[in-house]
Amino acid sequence: MSSPVRDQDQVRPAPLWQRALIILVGVAAAGVMACLGLWQAQVFIDDGERNAAARADLPSGVVDEVASPEVSPVDWYGRTVTMTGEYLPSYQLFIPDGEHYRVLTAFETDRGNIVPVIRGVVDEPSAPAPPSGVVERSGVLLASELEVGGALPEGQIGSVRLPELAQSWPRPMISGYVTLPLDQAQAEGFAEADVLRLPDASGSARSRGYSLQWWIFGAFALGISIKIAHDAGRGKGVLTRTL
């Protein structure tokens, strides 16, 4: 008479120390990948700072020549431009920026182009009148900002959106806006406004992508180690032993 055949083999769950070791390996791998992601993110930041410094050191240009309505000024974003003309105080708006407001005023150059100028920042949505008469100004040229939604009081806008300004301000308008440096902002009675959204350095998108990939790999390593340890504790998976 043959021996009885068991319908199902009995399995022994992996011991606790094995499961803990599996998770520890996953945590270590995730930690290494998180550090690599942070390193790659720092590379992106450093590249941006070097790019900004390099652009700041380039020779300045006349805004009417490098960013006129007929010219694409992509290569000039983040660089210093100069202009001569008069402020148009009737065209002034405030842009909420955290606890402060950026002051945006229209500037008409001596060639008839309109330049949106961030003169500085204030604590309340009120500002000193701009200087009258012909003045010379310089500052960093930047591209139109992204739209910021939400209702705002009259006289305020969410961001420097050139298409929006073009609907109510005089024209022709240059392809960008200018932020004044510290000395000129202080001369007009303001604190200096931060220069926002400098152009990315070449390869910055790749650096951001690599950072994200490392973090995804780290999360996957941690998740799969927890899954393997959980299965082993239930008597499933490759680490269980058949009795």
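Remarks
- Label zone (residue 71, point 7 Å along Cα-to-C-beta; backbone nitrogen cut-off 12 Å) within segment 136-169: none.
- Neighbour-count ranking [beta-carbon atoms within 10 angstrom, fewest first] of 100, 230: 230, 100
- Distance from segment 119-161 to segment 10-31 (C-alpha centre basis), Å: 58
- Taking other Cβ atoms within 10 Å as a rough exposure proxy, 214, 76 sort from fewest to most as 214, 76.
- Label-point gap, in nm, between residue 23 and residue 126 - each point 7 angstrom along Cα→Cβ: 6.1
- Fewest-first ordering of 217, 107 by other beta carbons within 10 Å of each residue's beta carbon gives 217, 107.
- Under 13 Å, Cβ to Cβ, from residue 163 - net charge with Lys/Arg +1 and Asp/Glu -1: -1
- FRET efficiency estimate (nearest 0.05) - Cβ-Cβ, residue 99 to residue 62, R0 30 angstrom: 0.30
- FRET efficiency for the residue 191 to residue 224 pair, using the beta carbon distance and R₀ = 51 Å, is estimated at 0.50.
- Scaled against 2.2 N^0.38 Å for its residue count N, the alpha carbon radius of gyration of segment 79-187 is 0.99.
Taken together, the values in this text are just the output of simple stated rules run on the coordinates, not laboratory data. Everything numeric here is computed off the predicted structure, so don't read it as measured data. Quick reminder, even Gly has a Cβ in these numbers, built from the backbone with ideal geometry, and neighbours come from all protein chains shown.
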